[in-house]
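Read the structure below first, then the notes.
The values are calculated or read from the model by the stated rules, or taken from the named source; none is laboratory data. This one's a predicted model, so the numbers in the text were calculated from it and none came from an experiment. Here the Cβ positions follow ideal geometry from the backbone for every residue, glycine too, while neighbour counts run over all protein chains shown. Accessible surface is based on the protein model in full, side chains and every heavy atom, while ligands, DNA and RNA are left aside. Shrake-Rupley method; radii C 1.70, N 1.55, O 1.52, S 1.80 Å.
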Amino acid sequence: MTDFPTLLHGRPLLAILRDVPVERAVALAETVWDSGLGAVEVPIQTPEAVACLRAVAAAAANRGAVVGAGTVVTVEQVRVAADAGAAFTVAPGLDLDVVAASAAAGLPHLPGVATPSEVHHAVKAGCGWLKAFPAASLGPGWLRELRGPFPDVRFVATGGIGAHNARDFLAAGAKAVGVGGAVTRAGGLDELLAALR
């Protein structure tokens, strides 16, 4: 089973491939894996996105890599993610039923949090890695301040992150940054990888 400490050790990027055609998604994922700097997530909000996850998961399996399913907000989506080959799940918020379903399926879950109460409840539910979302709105200071009462929690700062601010969030204590739009626009992934090297 994949776990976040292993998956993201020395890899500061979680590339989010939302609404990307299958061939482009596979190519972007391979670039991320080849860089050695990141992991990949495919949000599964539509049937087309689930097909994309299957294709990226097949490419991952061929090279010993893994991919996660993003925007997993229902227990049914956990099953869909597992069936499509996801090795972990990610959500924009904290749903304890989704946390439990992911654990039961053997898939580590990265729930979104934006308040100390959500962090507390996620930790109580067994999640040691959390998605700080929306990170650009929360700001790097939020991460620094939450590390005080929650020193053992590891955050993946997600939302509004790009080459211009990724380092700020990492310097504030994020273990990784989750990046979508800046990864999928033309030239964006290369800019981001250069900023993270």
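In this structure, the amide hydrogen of Ala105, modeled 1.01 Å from its nitrogen in the peptide plane, lies closer than 5 angstrom to no residue at least 5 positions away or on a different chain.
Taking 0.36 nm per residue of separation and subtracting the Cα-Cα distance, what length does fully extending Ala104 through Glu23 add?
Details: separation 81, 0.36 × 81 = 29.16 nm, distance 3.15 nm.
Contour length minus Cα-Cα distance gives 26.0 nm.
Rounded to the nearest percent, how much of the accessible area of the chain (1.4 Å probe, protein heavy atoms only) is carbon and sulfur? Here carbon and sulfur together make up 54 percent of the probe-accessible area.
In this rough spin-label picture, where each label sits 7 Å from Cα along the Cβ direction, the Asp3-Asn62 distance is 3.1 nm. Between segment 135-177 and segment 58-118, the C-alpha centres lie 20 angstrom from each other. Near the amide H of Val67, under 5 Å away, which other amide H atoms are found, from residues 5 or more places off or on another chain, if H is placed in the peptide plane? Close amide H contacts, sequence-distant or interchain: Ala87. Relative protection proxy for 145-156, 100-111, from highest mean packing down: 100-111, 145-156 (other beta-carbon atoms within 10 angstrom).
Apply the Kirkwood formula to the chain: the hydrodynamic radius equals the inverse of the mean of 1/r over all pairs of different alpha-carbon atoms; give it in Å with one decimal. Kirkwood radius, the chain: 16.3 Å. Sequence-ordered 3J(HN,Hα) estimates for segment 87-100 from the Karplus curve with 6.51, -1.76 and 1.60 and θ = phi - 60° stand at 9, 7, 10, 9, 9, x, x, 9, 10, 5, 5, 5, 4, 5 Hz, glycine and proline given as x.
How high is the relative contact order of segment 77-197, given as a whole-number percent (alpha carbon pairs under 8 Å, six or more residues apart)? Present the calculation step by step, with values, prior to reporting the outcome.
Values: 185 pairs, mean separation 21.2, N = 121.
In percent, rounded to a whole number, it is 17.
Provide the per residue accessible area, probe 1.4 Å, for segment 44-144, rounded to a whole number of square angstrom. Intermediate results must be reported in sequence, preceding the final value.
Details: 4160 Å² over 101 residues.
Per residue, segment 44-144 has an accessible area of 41 Å².
Local charge for Ala176 was computed over the other residues whose Cβ lies under 13 Å away, with Lys and Arg +1 and Asp and Glu -1, and equals +4. Put simply, the amide H of Gly178, placed in the peptide plane, has neighbours under 5 Å in Leu14, Ala157, Thr158, Gly159, leaving out anything fewer than 5 places away on its chain.
What does the charge count around Leu53 come to, taking other residues whose C-beta lies under 12 Å from its C-beta (Lys +1, Arg +1, Asp -1, Glu -1)? With Lys, Arg at +1 and Asp, Glu at -1, the net is -1.
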